[in-house]
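Scroll down for the structure; my scribbles are underneath it.
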């Protein structure tokens, strides 16, 4: 009897191909779910960072206008700032004509002047939305600017 049990235990050792395939499929499904979730979280984080940078540019534009009586006439004016404010070193402001993509999106925002860039009364700041992959719907208006305004590209 004992010899019969030993022989049956030896024969049942290991896993079958079907069992191994089931485990591999389950691991693959879990990995796919994790990758999709991680991608969505990364896109949302990048969009939030881009929004924060755009809000920093908005703050600089508002303080610049309070100090000088008009909004920045060039994108470079954001970098130099005014007597009381400057852009964070990691954020770059470029003219609106510069295309924003995933390669430059989270640290770069664009600036367009309202009507004219000489003694302007407002403008708009755009940033790249990683969640949607769009720039056009991600706009912050500054000063007297509204969605119906006429905007021009400032000098660099």
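The values are calculated or read from the model by the stated rules, or taken from the named source; none is laboratory data. These numbers come from a predicted model, not from an experiment. Cβ atoms come from the backbone with ideal geometry, glycine included; neighbour counts cover every protein chain shown.
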### Query
Can you pull out the residues in the stretch 138-156 that are within 19 Å of residue 77 (Cα to Cα), surrounded by 16 or more Cβ atoms within 10 Å (Cβ to Cβ) and more than 23 Å from the chain's Cα centre (by Cα)?
143, 145, 151, 154
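Does residue 94 satisfy the criteria of being in a helix (DSSP H, G or I), over 15 Å from the mean Cα position of the chain (by Cα) and modelled with pLDDT of 85 or more? Break it down stepwise before answering.
Numbers: in a helix (DSSP H, G or I): no; over 15 Å from the mean Cα position of the chain (by Cα): yes; modelled with pLDDT of 85 or more: yes.
Answer is no for this residue.
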## Note on the structure
In the set 131, 90, 37, 103, the lone residue that is without any contact (Cβ under 8 Å) to a residue 40 or more places away in the chain, in contact with a helix residue (DSSP H, G or I) (Cβ under 9 Å, 6 or more places away or on another chain) and surrounded by fewer than 18 Cβ atoms within 10 Å (Cβ to Cβ) is 90
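Would you say residue 79 is touching a residue at least 60 places away in the same chain (Cβ under 8 Å) and either over 27 Å from residue 132 (Cα atoms) or surrounded by 16 or more Cβ atoms within 10 Å (Cβ to Cβ) (or both)?
Numbers: touching a residue at least 60 places away in the same chain (Cβ under 8 Å): no; either over 27 Å from residue 132 (Cα atoms) or surrounded by 16 or more Cβ atoms within 10 Å (Cβ to Cβ) (or both): yes.
For residue 79, the condition - touching a residue at least 60 places away in the same chain (Cβ under 8 Å) and either over 27 Å from residue 132 (Cα atoms) or surrounded by 16 or more Cβ atoms within 10 Å (Cβ to Cβ) (or both) - is not met.
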### Among residues of the stretch 106-115, those that are assigned to a loop (DSSP other than H, G, I, E, B), under 14 Å from the mean Cα position of the chain (by Cα) and free of Cβ contacts under 8 Å to residues at least 60 places away in the same chain, counted
1
